[in-house]
Amino acid sequence: MGSLVKMKNITKKFPGVTALDNISFDIEPGEVHVLLGENGAGKSTLMKILSGVYRPTSGKITVNEKEYDYLTPKDSYENGISIIYQELSVINELSIMENIFVGKIPVKTIMGIRVIDYPTMRQKASEALLKVGLIRDMNVFVENISISEKQQLEIAKALVSNAEIIVMDEPTTSLTISETEHLFKIIKQLKSEGKGIVYISHKMKEIKEIGDRVTVLKDGTYVGTRKVDEVEIDELVTMMVGRTIHGTYHNKNISDFKNEPVILEVKNISKKDGKVKNVSFKTHKGEILGFAGLVGSGRTELMDTIFGSGPKSYGEVFLNGRKLDIKNPYNSIKYGLAMVTENRRETGFMDNFDIKQNISVISNLKKSKAGGTIGLLDDKGEVEKAQIQVKDLRVKCTSIHQNITELSGGNQQKVILGKWMGVGTEFIIFDEPTKGIDVGSKSEIYELMRRLAEDGKGVIVVSSELPELLSVCDTICVFKDGKIIDTFDIKNVTEEKIVSASTGESGKVKEVN
Amino acid sequence: MESESKKLRRGSLKEVSFREMWQKYGTVGILAVLVIALAILKPASIFSATSISQILTQSSVNILLAVGEFFAILIAGIDLSVGSIAALTGMLTAKLMVGGVPPLTAIFLGILIGAALGFVNGFLVNKTGLHPFIITLGTQAIYRGITLITSGARSVFGFPISFTKGISSSIFGVPVPVIIAISVAVILTFFTKKTVAGRNIYAIGGNKDAAWYSGINVKLHTMMVFIISGICAGIAGIVLIGRVGAAEPGAATGFETYAIAAAIIGGTSFFGGKGKVFGVVIGGLIIGIINYGMTALTVPSSYQQIVMGGLIILSVTLDRFIATKK
Ligand SMILES: Nc1ncnc2c1ncn2[C@@H]1O[C@H](COP(=O)(O)OP(=O)(O)OP(=O)(O)O)[C@@H](O)[C@H]1O
Ligand SMILES: [Mg+2]
């Protein structure tokens, strides 16, 4: 059986870094080939060479029996290669349907004139959307849909072109369990149709569930390829990081925080549009509070309301006993609040800034006056601070003056975490904090959260990854329809309990797992 | 996505460093080429102290307008009203002086008027949420209308000697308009490089939503941008009446085009977030030298317009071409 694609001896150099060093990779029909590696290992770069975004410095690509030195985006498309990029590339200003057909609008000829074929467009779009389970009016503008819906839309986009090879670069970072299950069903269907799939993910469990073969990269070099059936996760992790990691991070908190002072208290918060209904909760010193819930349950809206980034709302927020008057994020940052947002490309970083400038945004604001208008920059301080964060969080970069868009996805995420560290934060909300972060760094970030909590800072974690909540939180609130419907102590909670609480149907639990 | 993927597509080390060279020194290079070309075509026109100071003086009003315009473009907006602000400020300052207000007080009030007109732009942009293009297209007409009404569509002249003398004099051989333009450019360079507010404006230009989530007050800074643009235009208007010796109701008509051109030729990204005050100054000088050179070569002014328009398109295309070079 011949491969659908063969990439041979691919090398890719960027200024100051060799992203890929002599990598060979192939995709066979009917298989899911998992690509694994730490943040910055070169996974996305290899796939961008396949989709024509980058040209390799050297190497050959063979598709459909033709050998290429490099592919253009057009070559790639015409050879049936379709890619779901790690950074969502949907366009907010277009409708769902228009997004599906960006760059490949179907046309028909009426009396010799080529016109857009709307009926075909609608039909194909609704098929693809149904397949991925995105039940929405196709004419809705994408800026109005949630990030997980955007991710589903990306998948639909890839399906509609009937590609032979589909690359999925971390497609499930914003998806919850049931949506991920849905995706896996699609993948199995595609496999049975003989299509080849490249699957990139830092969620190790998914590899066993969906993968057939797995190739591991490390620092741009090839480590090895294994059959998924014949390899243990631990061995893969060792291949990835070059050392053994014993187990995953486990919650080590034993202190009885219930008697500790309250750090943040939220009283009767509501939003006008009803997405948040009369929510109250408290966090104690030393406690990490988690929020679970399905997509669209209102968790992000609740956090936006607390942080002041959402529209005006009702209710009260107290920090260390003091009532806060928050009208916008500036107020809350001045009070010592912080929020790592769930969508790094849209609300996380400035793409015209380098690492240092992105990291110093908050500290600059904190030391300035009059709404951030009066204050001088401290170049030396900025450099020092950036260097500390880059070192602490092990950001892989050539220097702190590198533009943030040149970093790998996971490393961008680390920079965003870094901008909130060491700026006198009293209370921090992490909304999907480890999105795209590799296994090794994940446990380091969990330890960082624990240290923050032990230092007396308030910590909230919102996550669609239940293992994450279970390993880092002390208390887990389940959010549904704008309300906290259940609160669990870590000692007596399981994934099943959370799932059944968040769907509200205990019968569904089995099906989901 | 298409343009982004093109942008991402990078070649070897050598090409990248060429691109970096272009981004750093491209505009200065164009200026140098123009100077050399003029020197070859008409040596007498450029190798003299008077001609150099003439080029600089002629460029100073445009540079003043352009460095203000720069900020509006930096937040991915635009200010089409700068020419009208210059005219209205100039007219009101002239009226004050003719009415007996001492020149220094009148200048101070003039600058405040420029700031106030910028404030109105910023206020309308923030309140309506409309693109600055729409708002300033409107205020461009409104401010011009007010200029015509307050002047009765007639020129105002007869300024105190101290004012006209002051503007047309030189300090250590450098004409006062040039000193004013340089001072404003230096202050704004400091502002962009060393202050938190300056950095915040770049942040807004790069990613407005991320800036908001990072605590940056987008409306406050948008307001600041239009006030800066208004002040610069106001100063330009005052320099202009000093140089001409009269305030004309139709003064500075169409000057926003040159200001925008200077900013863009000077490397400011139309999508926001990228550019430098220094580059804009060079952009202003490039326009100045083209105008001067063509006059020296006795090219009719209508042809000068065509050359200017062509240059704008060319410089941006060239920039794009080099940025996306495979
Ligand atoms: N446009 C670019 N310019 C310079 N360096 C780049 C560019 N794109 C990627 N790199 C570098 O290439 C290396 C590999 O990056 P890549 O995005 O392929 O990593 P990745 O394996 O996908 O990581 P992650 O798991 O974090 O997504 C990194 O060191 C990154 O900084
Ligand atoms: Mg990646």
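The values are calculated or read from the model by the stated rules, or taken from the named source; none is laboratory data. Worth saying up front: this structure is predicted, and the values here are computed from it rather than measured. Positions of Cβ are generated from backbone atoms using ideal geometry, with glycine treated the same way; all protein chains shown enter the neighbour counts.
Annotations for the structure displayed:
- Residue that is farthest from ligand 1 (Cβ to nearest atom) [pool: residues in the range A:172-213 that are part of a helix (DSSP H, G or I) and among the acidic types (Asp, Glu)]: A:GLU181
- Checking each residue of the range A:454-470 against the condition of being more than 29 Å from A:GLU260 (Cβ to Cβ), within 16 Å of ligand 1 (Cβ to nearest atom), crowded, with 20+ Cβ neighbours inside 10 Å and of a type outside the set (Val, Ile, Thr) gives no match.
- Top-ranked residue of the range B:13-58 - restricted to ones that are of a type in the set (Gly, Ala, Ser) and touching a Ser or Thr at 6+ places or on another chain (Cβ under 7 Å), ranked as modelled with the lowest pLDDT: B:SER45
- Verdict on A:GLY348 being within 26 Å of A:THR434 (Cβ to Cβ) and either within 7 Å of chain B (Cβ to nearest Cβ) or surrounded by fewer than 19 Cβ atoms within 10 Å (Cβ to Cβ) (or both): yes
- Every condition in (1) touching a residue at least 24 places away in the same chain (Cβ under 8 Å); (2) over 30 Å from A:LEU175 (Cβ atoms); (3) charged (D, E, K, R) is met by A:ASP351 except one, and the failing one is (2).
- Residue check for A:VAL472: within 16 Å of ligand 2 (Cβ to nearest atom) and either in contact (Cβ under 8 Å) with a residue 12 or more places away in the chain or more than 15 Å from A:ASN343 (Cα to Cα) (or both): no
- In the range A:387-399, the residues that are surrounded by 14 or more Cβ atoms within 10 Å (Cβ to Cβ) and under 23 Å from the mean Cα position of the chain (by Cα): A:GLN389, A:VAL390, A:ASP392, A:LEU393, A:ARG394, A:VAL395, A:LYS396, A:CYS397
- Set side by side, the residues B:ILE180, B:ILE228, B:ILE264 differ, and just one is out of contact with any Leu (no Cβ under 9 Å at 6 or more places or on another chain), more than 9 Å from chain A (Cβ to nearest Cβ), of a type in the set (Val, Ile, Thr) and assigned to a helix (DSSP H, G or I), which is B:ILE264.
- Picking from residues in the range A:288-312 that are more than 13 Å from chain B (Cβ to nearest Cβ) and part of a loop (DSSP other than H, G, I, E, B), the one that is surrounded by the fewest Cβ atoms within 10 Å (Cβ to Cβ) is A:LYS312.
- B:GLY138 being surrounded by 15 or more Cβ atoms within 10 Å (Cβ to Cβ), among the small types (Gly, Ala, Ser) and without any contact (Cβ under 8 Å) to a residue 60 or more places away in the chain: yes
- Filtered by the rule that a residue be part of a loop (DSSP other than H, G, I, E, B) and in contact with a Pro (Cβ under 7 Å, 6 or more places away or on another chain), the range A:106-125 gives a lone residue, A:ASP117.
- Qualifying residue in the range A:313-334 (condition: in contact with a Pro (Cβ under 9 Å, 6 or more places away or on another chain) and more than 8 Å from chain B (Cβ to nearest Cβ)): yes
- Exactly one residue among A:GLY40, A:GLY59, A:GLY52, A:GLY103 is over 30 Å from A:GLN413 (Cα atoms), of a type in the set (Gly, Ala, Ser) and out of contact with any Cys (no Cβ under 6 Å at 6 or more places or on another chain), and that residue is A:GLY59.
- Qualifying residue in the range A:43-57 (condition: β-branched (Val, Ile, Thr) and over 28 Å from the mean Cα position of the chain (by Cα)): yes
- Looking only at residues of the range B:189-214 that are of a type in the set (Ser, Thr, Tyr) and more than 7 Å from every other protein chain (Cβ to nearest Cβ), we find that the one that is surrounded by the most Cβ atoms within 10 Å (Cβ to Cβ) is B:THR192.
- Residues of the range B:146-175 satisfying the condition of being more than 20 Å from the chain's Cα centre (by Cα), surrounded by 14 or more Cβ atoms within 10 Å (Cβ to Cβ) and assigned to a helix (DSSP H, G or I): B:ILE146, B:THR147, B:LEU148, B:THR150, B:SER151, B:PHE163, B:THR164, B:GLY166, B:SER168
- Any chance A:LEU365 is within 16 Å of ligand 1 (Cβ to nearest atom) and within 14 Å of chain B (Cβ to nearest Cβ): no
- Qualifying residue in the range A:375-390 (condition: closer than 24 Å to A:SER464 by Cα and away from chain B (no Cβ under 14 Å)): no
- Qualifying position, being within 14 Å of chain B (Cβ to nearest Cβ) and of a type in the set (Lys, Arg), among A:LYS435, A:LYS419: A:LYS419
- Scanning the range A:50-59 for residues that are free of Cβ contacts under 8 Å to residues at least 60 places away in the same chain and more than 10 Å from chain B (Cβ to nearest Cβ), we see that the one that is surrounded by the most Cβ atoms within 10 Å (Cβ to Cβ) is A:PRO56.
The rows are residues; the columns are (1) part of a strand (DSSP E or B); (2) at pLDDT below 90; (3) in contact with a Leu (Cβ under 7 Å, 6 or more places away or on another chain); (4) more than 14 Å from ligand 2 (Cβ to nearest atom).
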position	(1), (2), (3), (4)
A:ASN9	yes, no, no, yes
A:LEU20	yes, no, yes, no
A:ILE23	yes, no, yes, yes
A:TYR54	no, no, yes, no
A:GLU67	yes, no, no, yes
A:LYS74	no, yes, no, yes
A:TYR77	no, yes, no, yes
A:MET97	no, yes, no, yes
A:LYS104	no, yes, no, yes
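- Cβ separations smaller than 8 Å between residues 6+ apart or across chains give the following pairs from the range A:129-155 residues that are assigned to a loop (DSSP other than H, G, I, E, B) to residues that are modelled with pLDDT of 85 or more and of a type in the set (Ser, Thr, Tyr): A:MET138/A:SER95; A:MET138/A:SER126; A:ASN139/A:SER95; A:VAL140/A:SER95; A:SER146/A:THR300.
- Cβ-Cβ contacts under 6 Å between residues 6 or more apart (or on different chains), taken from a first residue in the range A:7-19 that is closer than 20 Å to A:GLY409 by Cα to a second residue that is within 6 Å of ligand 1 (Cβ to nearest atom) and part of a strand (DSSP E or B), are listed as A:LYS12/A:ALA19.
- Hey, B:LYS274 out of contact with any strand residue (DSSP E or B) (no Cβ under 8 Å at 6 or more places or on another chain), in a loop (DSSP other than H, G, I, E, B) and at pLDDT below 85 or not: no
- When A:SER44 is tested against (1) away from ligand 2 (no atom under 16 Å from the Cβ); (2) closer than 28 Å to A:ASP212 by Cα; (3) at pLDDT 90 or above; (4) within 14 Å of another protein chain (Cβ to nearest Cβ), exactly one condition is not met: (1).
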